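These notes are about the structure you will find just below.
The values are calculated or read from the model by the stated rules, or taken from the named source; none is laboratory data. Because the structure is predicted, anything quoted here is derived from the model rather than measured. Using ideal geometry, Cβ is built from the backbone for each residue, glycine included, and neighbour counts are taken over all protein chains shown.
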Amino acid sequence: MTDTARDLSRTLLLSGNEAIARGAWEAGVRFGSGYPGTPSSEILPALKELGDAYVEWSVNEKVALEAAAGASIAGARALVTMKHVGLNVAADPLFTLSYTGVAGGLVIISADDPSMHSSQNEQDNRNYARAARVPMLEPADSQEAREMTMRAFELSEQFDVPVIVRPVTRICHSDGLVEVGERRQVELRAELEPNARKYVMIPAWARERRVVMAERTLELIALAEETDLNREEIGDTSLGIIASGVAWQHAREAFPDASFLKLGLAWPLPPERIRRFAAQVERLFVVEELDPFLTAQILAMGVAVEPVDGRFRLGELTPGRVRAMITGEPVPRVAADEDLPPRPPTLCAGCPHRSVFSALREIKAYVTGDIGCYTLGTLPPLQALHTCLCMGAGVSQAHGMQKVRGHEAPVVAVIGDSTFTHSGITALVNIAYNAGVSTVVILDNRTTAMTGGQVHPGVGETLSGMPGRALDFEALARAVGIDDVRVVDPYDLAATEQALREAMASPEPSVVIARRECALMVPDYGPAPVLDEELCIRCGKCIRIGCPALSAFDDGGKRPIPRIDAALCTGCTMCAQVCPVNALKLPADAEGRGDA
């Protein structure tokens, strides 16, 4: 961001994530933390580019929220970012922070992912706001993303409570015009002085704070009745719609003439305001994605709401789905859903994870894993990943399987390097402590690849640009009690398979670190192998490694012959290594690319 952009109020084209960063920056935020996760990943880098605030990728969302809580107690405004499942990890501090309250404003961005574009579940995090008794704001576009982030800091300080802002994927990644302003210089709100009765939640003091929380909830309900975060838009009173966030956008497009109660404050709700609106309309619908979060509360107020088909509780809404929800018409057919050829996701050309999965498939291992690039190892043609639960769960699941199946069971856990620092370390400690014998493969591609290539503790770089100490995976594994630790270059297929077989055969717990940087981080690729069609026996082994640079070409009824797309090929040589007849020739200048 240029100095001109900082000094002048004007309109910018910003994504929802960029607008959240802008709103936090203008609100005078001093501390930003989080863990990368789509659709929230771009917020902290955008805040870093604006300057004037300390930002960091923390090892996981729990640590990020706890660090931000510390910054808040020290008097600074603090921002925490994560995707929806990250709030599960951060739930422990969240629920008690609702008791302790804050000093400087504390805002939590929980970016939800309806339709699971890049997630393992479709949970609705509005439920967290109600369960933890903290306010939640839902922006409907980029402009509101900026404004509501700024308002969230004000509400946090006004009511002594963390505030959640819940954008969804369509808001995070959609661009819109945003009126921006200058950064406020916000002084620290408190001295760092002991206040144990507020911040130490032993039962006696927690009971006192529980009363404070209940009183605060009543004050927040009173706010909801009057705030301009909620607004009535009275049009044709034959149809009334209550909606929030992106669902309001879809409903307004589907029924532009209807009357609306737009709820920017998704929790707590304003009962009297809702009753007044309901009294003005003939038919009342609540339009919301995922859970009947608003619907259930409004029905509990004694307000009659027309029911909707349960199928509209699954996945994202669209204007067409909203119209079908209310009119009963068929859901409009979307050509892109049916007419386009499928494009299943796949590991990139030259991805170092590919050789590990190829080897595990040959070994016929049962592979436990979790969310990340390596989850794609479950798809054809690799088909070598068999569980995906949550961050770090693959390591814990492998331990449980080994305990009931014994050492001879061919179970292997795979975990990415960033995920290992997030939640795999404790699972590895559990294996060592409980005399497990599992084999854990750390897929160390030197980045947080799935969410955009963010840094993490294993690479020794920090988001803020400050130097950091790189976590030594080998030393760490040994420190927690794993003696059998091996490091392999996954571009060396034979060595990778041998290391895996030896580790699995070991009577002790073992760790294999497959270290090779992500192919997208390599500045210069090697030359592509050259196919000798006379030698090729068309066995298909090279095709079965699943590289997008390789395709099968039918040349007239014979078994398909491989073709290499030189524009996609990175020269990793995996295909040449699996060829049983050396039909894929390595150019002389490709030699040595197996060196890490």
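Here I242 meets each of (1) touching a strand residue (DSSP E or B) at 6+ places or on another chain (Cβ under 8 Å); (2) within 26 Å of L97 (Cα to Cα); (3) of a type in the set (A, V, I, L, M) with one exception, condition (2). The residue that is farthest from the chain's Cα centre (by Cα), among those in segment 98-145 that are closer than 30 Å to V211 by Cα and among the acidic types (D, E), is E138.
Do any helices (runs of 4 or more DSSP H) entirely within segment 245-320 hold 1 or more residues that are surrounded by 14 or more Cβ atoms within 10 Å (Cβ to Cβ) and either within 24 Å of the chain's Cα centre (by Cα) or in the same structural domain as D124 (by TED's automatic domain parsing) (or both), and if so, which? It would help to see each step written out before you state the result.
Details: elements: 245-254, 271-280, 293-300.
Here the list reads 245-254, 293-300.
How many residues are over 28 Å from A349 (Cα atoms) and either small (G, A, S) or under 20 Å from the mean Cα position of the chain (by Cα) (or both) when one looks only at segment 446-481?
Matching residues across segment 446-481 total 7.
Select from segment 16-33 the residues that are assigned to a strand (DSSP E or B) and in contact with an Asp or Glu (Cβ under 7 Å, 6 or more places away or on another chain) and list them in ascending order. The one that is assigned to a strand (DSSP E or B) and in contact with an Asp or Glu (Cβ under 7 Å, 6 or more places away or on another chain): S33. Within segment 99-129, restricting attention to residues that are within 26 Å of R184 (Cα to Cα) and small (G, A, S), the residue that is surrounded by the fewest Cβ atoms within 10 Å (Cβ to Cβ) is G101.
Counting only residues that are surrounded by fewer than 24 Cβ atoms within 10 Å (Cβ to Cβ) and touching a residue at least 24 places away in the same chain (Cβ under 8 Å), segment 350-364 holds 3 of them. Here R501, R515 are screened, and the one residue that is in contact (Cβ under 8 Å) with a residue 40 or more places away in the chain, within 21 Å of M391 (Cα to Cα) and charged (D, E, K, R) is R515. Could you tell me whether segment 185-195 includes any residue that is surrounded by 13 or more Cβ atoms within 10 Å (Cβ to Cβ) and either touching a helix residue (DSSP H, G or I) at 6+ places or on another chain (Cβ under 6 Å) or among the hydroxyl-bearing types (S, T, Y) (or both)? No, segment 185-195 contains no residue that is surrounded by 13 or more Cβ atoms within 10 Å (Cβ to Cβ) and either touching a helix residue (DSSP H, G or I) at 6+ places or on another chain (Cβ under 6 Å) or among the hydroxyl-bearing types (S, T, Y) (or both). Restricting attention to segment 22-46, the residues that are more than 18 Å from the chain's Cα centre (by Cα) and either of a type outside the set (D, E, K, R) or modelled with pLDDT under 95 (or both) total 7. Applying the condition of being over 31 Å from the mean Cα position of the chain (by Cα) and part of a helix (DSSP H, G or I) to segment 222-244 and asking which residue is surrounded by the fewest Cβ atoms within 10 Å (Cβ to Cβ) yields E226. From the list A67, A90, A27, A21, the one residue that fits, being surrounded by fewer than 24 Cβ atoms within 10 Å (Cβ to Cβ), assigned by TED's automatic domain parsing to the domain that holds L155 and without any contact (Cβ under 8 Å) to a residue 40 or more places away in the chain, is A67. Selection over segment 43-64 of residues that are in contact (Cβ under 8 Å) with a residue 40 or more places away in the chain, more than 20 Å from N121 (Cα to Cα) and assigned to a loop (DSSP other than H, G, I, E, B) gives a count of 3. Give the residue that is nearest to the chain's Cα centre (by Cα), with candidates limited to residues of segment 85-97 that are among the hydrophobic types (A, V, I, L, M, F, W, C) and not in a loop (DSSP other than H, G, I, E, B). The extreme case among them is V85.
Would you confirm whether any residue within segment 554-565 is over 23 Å from C351 (Cβ atoms), surrounded by 14 or more Cβ atoms within 10 Å (Cβ to Cβ) and modelled with pLDDT under 90?
Start the filter on segment 554-565 by keeping residues that are over 23 Å from C351 (Cβ atoms), which leaves 554-559, 561.
Among the residues that remain, those that are also surrounded by 14 or more Cβ atoms within 10 Å (Cβ to Cβ) are: 561.
Restricting the remaining residues to those that are modelled with pLDDT under 90 gives 561.
Within segment 554-565, one or more residues are over 23 Å from C351 (Cβ atoms), surrounded by 14 or more Cβ atoms within 10 Å (Cβ to Cβ) and modelled with pLDDT under 90.
With respect to the conditions (1) surrounded by fewer than 17 Cβ atoms within 10 Å (Cβ to Cβ); (2) in the same structural domain as H399 (by TED's automatic domain parsing); (3) acidic (D, E), D492 lacks only one, and its number is (1).
Can you find a residue that is touching a residue at least 12 places away in the same chain (Cβ under 8 Å), in contact with a helix residue (DSSP H, G or I) (Cβ under 8 Å, 6 or more places away or on another chain), of a type outside the set (A, V, I, L, M) and under 20 Å from E187 (Cα atoms) anywhere in segment 160-169? Looking for residues that are touching a residue at least 12 places away in the same chain (Cβ under 8 Å), in contact with a helix residue (DSSP H, G or I) (Cβ under 8 Å, 6 or more places away or on another chain), of a type outside the set (A, V, I, L, M) and under 20 Å from E187 (Cα atoms), one finds at least one in segment 160-169, hence yes. Confirm whether R207 is loosely packed, with under 13 Cβ neighbours inside 10 Å, among the basic types (K, R) and either under 28 Å from F293 (Cα atoms) or without any contact (Cβ under 8 Å) to a residue 60 or more places away in the chain (or both). Considered against the rule, which asks whether it is loosely packed, with under 13 Cβ neighbours inside 10 Å, among the basic types (K, R) and either under 28 Å from F293 (Cα atoms) or without any contact (Cβ under 8 Å) to a residue 60 or more places away in the chain (or both), R207 comes out as yes.
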